[in-house]
Amino acid sequence: QVQLVESGGGLVQPGGSLRLSCAASGIIFSLHPMGWYRQAPGKERELVAHITSSGITNYADSVKGRFTISRDNAKDTVYLQIGSLKPEDRAVYYCNAGRVQRGRYESLYWGQGTQVTVSS
């Protein structure tokens, strides 16, 4: 019933940009904080950004200044604008619908992921 569908991944050269999209259904989108996770080969899955239902954003230190999360409640869609891509940004990026408890984002629903590859 709940479905999160990511799109926009691909192969980009270092320094390039991508915009990831995640279309949600089966949830009351506007009530959920939304997040983006990523998992690089051999690495733990990490939360790179999340945005509250009221539009407050948070970023992992590794992506601050380069990534921007946004949401369009009218379209039930959350975005991740990725800029100044580095090879270490290579990962599968996962959309997530969650909740915020005591200032911490907690995951509830997951998308299938979209691959971002950074290579020259």
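The values are calculated or read from the model by the stated rules, or taken from the named source; none is laboratory data. Keep in mind it's a predicted model, so treat the numbers as computed, not measured. Glycine gets a Cβ as well: all are built from the backbone with ideal geometry, and neighbour counts include every protein chain shown. Protein only, heavy atoms only, side chains kept; ligands, DNA and RNA dropped before computing areas. Shrake-Rupley method; radii C 1.70, N 1.55, O 1.52, S 1.80 Å.
Phi angles of region 53-66 translate, via the Karplus equation with coefficients 6.51, -1.76, 1.60 and θ = phi - 60°, into HN-Hα couplings of 4, 9, x, 6, 10, 9, 9, 5, 4, 5, 10, 4, x, 10 Hz per residue; Gly and Pro are given as x. In summary, the convex hull built on the alpha carbon positions of region 58-120 has an orientation-averaged projected area of 5.2 nm². In this Cβ point-charge picture (+1 for Lys and Arg, -1 for Asp and Glu), region 16-120 has a dipole of about 80 debye about its Cα centre.
If the only charges are +1 at each Lys and Arg Cβ and -1 at each Asp and Glu Cβ, what is the size of the charge dipole of region 66-120 around the Cα centre, to the nearest 20 debye? Let's see the in-between values first.
On the way: 8 positive and 5 negative charges, 35 e Å.
For this selection, approximately 180 debye.
In a DSSP loop and with at most 13 other Cβ atoms within 10 Å, the trypsin sites (Lys or Arg not before Pro) in region 56-120 are Lys64, Arg102.
Working from the pairwise distances between different alpha carbons, so that the mean of 1/r is found and then inverted, what is the chain's Kirkwood radius in Å? Could the numbers behind the result be given before it?
On the way: mean 1/r = 0.0710 Å⁻¹.
Final number for the Kirkwood radius of the chain is 14.1 Å.
Under 5 Å between amide hydrogens, built in the peptide plane, is the criterion, and for Ala49 it picks out Trp36, Ala60 among residues at least 5 positions away or on other chains.
Share of region 46-106's accessible area from carbon and sulfur, percent, 1.4 Å?
Working: 1320 of 3120 Å².
Here it works out to 42 percent.
DSSP assigns beta bridges within the chain; of those with both partners inside it, close to 95 percent run antiparallel. Put simply, the convex hull of the Cα atoms in region 1-70 casts, on average, a shadow of 5.7 nm².
Using alpha carbons only, how many angstrom separate the centre of region 1-31 from the centre of region 91-120? Answer, in whole Å: 9.
If you place +1 on the Cβ of every Lys and Arg and -1 on the Cβ of every Asp and Glu, how big does the dipole about the Cα centre of region 34-87 come out, in debye to the nearest 20?
Values: 8 positive and 5 negative charges, 33 e Å.
The dipole magnitude comes to about 160 debye.
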